[in-house]
Structures are given as structure tokens and as C-alpha cells.
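Student: Could you have a look at this structure, given as C-alpha cells, before my questions?
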Amino acid sequence: MGVEIIFKIAAIGILTAVVAQILKQTGKEEIGTLATLAGLIIVLVMVLSLIGDLFGTIKTMFDF
Amino acid sequence: MELIFKIIGIGMITCIAALILKPVRADFAMLISLVGGVVILVMILSTITNAISLINSIAERTGVNGELLSLVFKIIGVGYLTEFSASICADAGSAGLGDKMLLGGKIVIMVMAIPIITSIMNIVLELLPS
């Protein structure tokens, strides 16, 4: 919980960008967009679980 | 004391990561700043818990109405979350949406504060020599 999750998301972002770029060069444009979409979905799932934990702690702490 | 260094460090790292990714993938940059905000908030929450327990113990000793106090904490929570999400929206470029969330948060807080206002009115009315 901390810096490594930020680095993880940054790595996934850079990776999807590179993969999309490579696929674009080799002419498979649509697979590139699919790869970018997949990367985005993975990151969204991670971010959602993180926000879920945050809301959980706030709910218990401020006794909502 | 070293908590502040951790917060500043994570804030800086998040800014730089978001900056790197902004030209390449703008949506990832926004997600990174969001995650950085969440991480900092989680760190701050742990220090707020003992502040809240201190306030609770003081409230019991002074006989303040516990129910009102928990309402005050709920309002603080609402303000906390609204400001967090509004700044994320403003950061992502949709400042109008952030302002609307702030407006919504203010209204929710006003509605939650109605019992406090009524109890104050009752106390004031008792004081007045009717």
C-alpha cells in the first residue's frame, strides 16, 4: 500500500502505450486498440478496489 | 513526524508519474493522480482515528450528547469525501463537475445538520425567560 501501486499503474500505462505503438507499426491497428482497452480495464479494476478500501475505512471510521 | 515526508514523497512521485504519462496516455495520468490521492488519504486516515477517539473520550467526560457528536463526525466524513472527489474531477479537467459535487456535498451536510440546529434552538428557547 503506497508507492508500489503507483509504479504498477505507471508501468501498465507505459506498457500498453508501447504495445499499441508496436501493433500499429505492424499494421494490426485494431488489436492495438484492444490491447489499450485491456490495459485500461486492468488499471480500472485495481483503482476501483483501492477506492473501495478507502470508502470502507472512511465508513467505519466516521461511523456512517 | 516522518509521516509528512512520506506524504510529500508519494505526492511528488505521483506528480512525476502522471507527468510522464500525460502525453502518452492522458487517461492513465488521471488514474495515477487519483491513486496517489487515495494512498495519501489512507495514510492520513490512520492518524485521524486516534484524534477522533481522543475527542470521543473528552465528550463522554464533559457529558456532551454523543449522538450529536457522531453526527458532527459524519459531516466531517462527508466533507472529506466530497472535497477529495471534487478535486479529482477538477484535476481530470472537468471542473464544472467538481463544483457540482461540492454543491451536492454542501446540501447533504446542511440536511445532516438539521438535528443539530434544532437542538441548539431548543437550548436557546429554554434560556429565554418566556
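Where a number appears in this text, it was derived from the coordinates with a stated rule and is not lab data. Bear in mind the structure is a predicted one, so any value in this text is a computation, not a measurement. Note that each Cβ is placed from the backbone with ideal geometry, even for glycine, and that neighbours are counted across all protein chains shown.
Student: Using a 7 Å offset from the Cα along the Cα-to-Cβ direction at both B:SER119 and B:ASP99, what is the distance between the two label points in nm, to one decimal?
Tutor: Here the answer is 3.6 nm between the modelled labels.
Student: Rounding to the nearest 10 and keeping the result within 0 to 90°, find how far the Cα-based axis of helix B:66-91 lies from the longest principal axis of chain B.
Tutor: 20 degrees
Student: Full extension from B:ASN65 to B:ILE16: what is 0.36 nm times the residue separation minus their Cα-Cα distance, to one decimal in nm?
Tutor: 12.9 nm
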